[in-house]
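Report on the following structure.
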Amino acid sequence: MAPARLVATKRLNDREVDLTVESPAVGEQVKVLLLLPASYQTEKSRRWPVLYLLHGCCDSYLSWTRSTDVSKLTAHSDVIVAMPEGGKVGFYSDWRSGPGWETFHTAELPNLLARQYRAGPVAAIAGVSMGGLGALNYAARHPGMYTVAASFSGIVHTRLSPDESQWYLGLVSSQGEDPQALWGDPDADVDTWKQHNPYDLASQLSDVRLFISAGNGDPGPLDRKGTGHDSTETALGAENRAFADRVQELGLNAQIDLYGPGTHNWIYWKRELHRAWPLINDQLGRQ
């Protein structure tokens with residue numbers, strides 16, 4: 001397969017660059033937003049570690065700069081921040097019949113960033129909701145590729161119950177996609193589901209520093225007055241409790257923040273990014 005090709009570049013400010021990438025794996029053009037290190041232009045022979053930030057379901061590659069202060073947070077760090085598109089319900093997977101998001105994110109994009117933006121071999125990855133699944137799955141399925149994997153309110157156990165699996169099939173259907181084209185049927189194709197489920201892949205994360213966080217769906221300290229119960233975060237909170245138990249059973253190196261009250265909302269994910277940042281920045285600095 002031909003490599004991904006950079007077809008358009010738009011500089012938004014001193015650090016932000018909006019890329020359009022032709023991806024053979026996805027089969028279409030894919031958008032990526034970069035935050036370059038402050039000294040990128042002056043240190044022209046240096047190679048830089050990369051932090052990949054993955055968005056959640058039904059959102060876009062612009063969500064991190066729209067809903068967090070990631071630009072300010074990373075302003076004085078020697079890190080490239082790459083925020084790629086992942087499809088509304090791409091689930092950070094190479095579909096059985098459809099786009100190859102995993103190949104784009106773990107092969108095409110890193111190779112392109114190495115060629116065009118002096119990206120080095122050291123990387124970390126983090127994601128919210130569906131992006132949390134992507135971060136943990138990619139780290140498990142590609143040993144040695146990421147030094148840290150962080151999940152904020154992530155989808156971490158799609159097989160927690162039959163109803164849980166059916167909910168994800170419904171989510172894919174809600175965006176006009178064929179749910180069977182993703183991982184197939186939860187029963188008939190259980191091995192494929194396991195191969196894309198962080199809980200089942202946890203034993204493959206022994207060489208990765210982990211940050212795992214989620215709320216319980218009750219209105220929390222950052223929610224507006226009058227906010228109601230959030231059933232999505234309740235369900236993900238249960239998944240994350242099961243995942244945390246598995247992580248602890250395996251003795252993995254994990255920072256776990258199951259913080260109780262809190263909804264499925266960027267106001268919490270912004271906070272959790274700040275809580276995870278010292279770990280991420282420290283590990284990326286060990287290149």
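Relative contact order, whole percent, for the stretch 18-163 stands at 25, derived from Cα pairs under 8 Å and 6 or more residues apart. Centre-to-centre, using Cα atoms only, the stretch 20-78 and the stretch 143-159 are separated by 18 Å.
Taking the stretch 167-271 on its own, what percent of its Cα-Cα pair distances exceed 22 Å? I get 46 percent for the Cα pairs in the stretch 167-271 exceeding 22 Å. Since only 62, 36, 215 are under comparison, the one whose Cα sits farthest along the positive direction of the charge dipole of the chain, derived from C-beta charges on Lys, Arg, Asp and Glu, is 36. The residues neighbouring residue 264, those whose beta-carbon lies less than 10 Å from its own, together hold a net charge of -2 under the Lys/Arg +1, Asp/Glu -1 convention. For the stretch 115-133 and the stretch 175-254, what is the separation of their Cα centres, given in Å? So the two Cα centres are separated by 19 Å.
Past 22 Å, Cα to Cα: identify those pairs from 31/88; 31/194; 10/72; 10/31; 44/270; 10/44, in the order given.
Numbers: 31/88 13 Å; 31/194 29 Å; 10/72 20 Å; 10/31 11 Å; 44/270 31 Å; 10/44 20 Å.
As for pairs spanning more than 22 Å Cα to Cα, those are 31/194; 44/270.
Counting DSSP beta bridges with both partners in the stretch 1-136, what percentage is antiparallel, nearest 5?
Bridges in the stretch 1-136 that DSSP calls antiparallel: roughly 70 percent.
With a ≥ b ≥ c the root eigenvalues of the C-alpha gyration tensor of the stretch 1-148, is it rounded (a/c under 1.5), prolate (a/b larger than b/c) or oblate? The shape class here is rounded. Within the stretch 69-154, all pairs of alpha-carbon atoms sorted by distance into 10 Å bins from zero give the percentages 16, 49, 31, 3, 0.
Once you sort the root eigenvalues of the Cα gyration tensor of the stretch 9-82 as a ≥ b ≥ c, which label holds: rounded (a/c under 1.5), prolate (a/b larger than b/c) or oblate (the other case)? It comes out oblate by the Cα gyration axes. Helical runs (DSSP H, four residues minimum) scored at -39500 (n - 2.57) apiece and divided by the length of the chain put the mean residue ellipticity at 222 nm at -9500 deg cm²/dmol. Note: relative contact order over the stretch 1-96, using C-alpha pairs below 8 Å and six or more positions apart, is 26 percent. By the Kirkwood approach, averaging reciprocal distances over each pair of separate Cα atoms, the chain gets a hydrodynamic radius of 19.0 Å. Remark: relative contact order (the stretch 110-257) = 25 percent; criterion is Cα-Cα distance under 8 angstrom and separation of 6 or more residues.
Accessible area per residue of the chain at 1.4 Å probe, in Å²?
That works out to 41 Å² per residue.
Give me the percent of accessible area attributable to carbon and sulfur for the stretch 1-127, probe 1.4 angstrom.
Numbers: 2530 of 5070 Å².
Carbon plus sulfur share of accessible area: 50 percent.
The values are calculated or read from the model by the stated rules, or taken from the named source; none is laboratory data. Just so you know, these numbers come straight off a predicted model, no measurement behind them. Note: ideal-geometry Cβ built from the backbone for every residue, glycine included; neighbour counts use all protein chains shown. Ligands, DNA and RNA are excluded from the accessible area calculation, which covers all protein heavy atoms including side chains. Shrake-Rupley method; radii C 1.70, N 1.55, O 1.52, S 1.80 Å.
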